[in-house]
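Following: one structure in structure tokens, then a few remarks.
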Amino acid sequence: AQTVTQSQPEMSVQEAETVTLSCTYDTSESDYYLFWYKQPPSRQMILVIRQEAYKQQNATENRFSVNFQKAAKSFSLKISDSQLGDAAMYFCAYRTGNAGGTSYGKLTFGQGTILTVHP
Amino acid sequence: DAGVIQSPRHEVTEMGQEVTLRCKPISGHNSLFWYRQTMMRGLELLIYFNNNVPIDDSGMPEDRFSAKMPNASFSTLKIQPSEPRDSAVYFCASSQTSGGADEQFFGPGTRLTVL
């Protein structure tokens, strides 16, 4: 079974600075997808960014970018120019690319990292 | 679109009572997911449906839990009888397809407290 590990329970950053959240995963598959979700205090889960494992280019979405290291099974999230609204719990998630299995739709989440942004 | 709608937003009940959580997915989405979030276990998938058919229910904790999707616009998650360890936030999510890079859109969650 796939596992996702977020080793940083909490992180903090100054407004306008850059912060990187770590995520590692364990899988024997070669085809899969990785996601970062944000959960603010409202508890609404919001997709931040996604990465297809077959793509070598790292995904970017405005101030959010990832460092995808497939061989190392690492998928870190970099937030540039941090804003107060970025304060939230961030979850890394894995989904298999094996369309033939019953777990095809399943997202496996890490334990989350609480990000605090200081003004 | 209104997004994924869940009801109730909060539920407080006593041990042994039946609890029914409801979800309306985004129109046009053919996959629906039920997740549970607790401090101890984090976010875990309970069950998901594709075209109203249950595909993976391996996450359903035990026979006290059941889920149905009678049509494309409605799903329920029922707990009978409820126990204090069922206290959690339950999320419903929907997506256009069941996998790949498709985004799962989450509802606001139902916070369940079982006394």
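Scanning the range B:83-104 for residues that are within 10 Å of another protein chain (Cβ to nearest Cβ) and at pLDDT below 95 gives B:Ser95, B:Thr97, B:Ser98, B:Gly99, B:Gly100, B:Ala101, B:Asp102, B:Glu103, B:Gln104.
Restricting to the range B:105-115, name every residue that is aliphatic (A, V, I, L, M) and either open to solvent by 20 Å² or more (accessible area, probe 1.4 Å) or within 11 Å of another protein chain (Cβ to nearest Cβ) (or both).
B:Leu115
If you check B:Glu103 against the conditions, is it touching a Ser or Thr at 6+ places or on another chain (Cβ under 7 Å) and farther than 25 Å from A:Tyr104 by Cα? No; evaluated as a whole, the condition is false for this residue. Across the range B:21-35, which residue is nearest to the other protein chains (Cβ to nearest Cβ) among those that are in a strand (DSSP E or B) and open to solvent by 20 Å² or more (accessible area, probe 1.4 Å)? Step by step, filter the range B:21-35, then rank; the result is B:Lys24.
Can you pull out the strands (runs of 3 or more DSSP E) entirely within the range A:13-119 that have at least 1 residues that are without any contact (Cβ under 8 Å) to a residue 12 or more places away in the chain and either within 14 Å of another protein chain (Cβ to nearest Cβ) or open to solvent by 50 Å² or more (accessible area, probe 1.4 Å) (or both)? So that I can check it myself, show each step before the final result.
Numbers: elements: A:19-21, A:24-26, A:32-39, A:46-52, A:64-69, A:74-79, A:88-96, A:113-118.
Where strands (runs of 3 or more DSSP E) fall fully within the range A:13-119 and carry at least 1 residues being without any contact (Cβ under 8 Å) to a residue 12 or more places away in the chain and either within 14 Å of another protein chain (Cβ to nearest Cβ) or open to solvent by 50 Å² or more (accessible area, probe 1.4 Å) (or both), they are A:46-52, A:64-69.
The values are calculated or read from the model by the stated rules, or taken from the named source; none is laboratory data. Since this is a predicted model, take the numbers as computed values, not measurements. Please note: Cβ atoms are built from the backbone with ideal geometry, for glycine as well, and neighbour counts cover all protein chains shown. The area values use the complete protein model at the heavy-atom level, side chains included, leaving out ligands, DNA and RNA. Shrake-Rupley method; radii C 1.70, N 1.55, O 1.52, S 1.80 Å.
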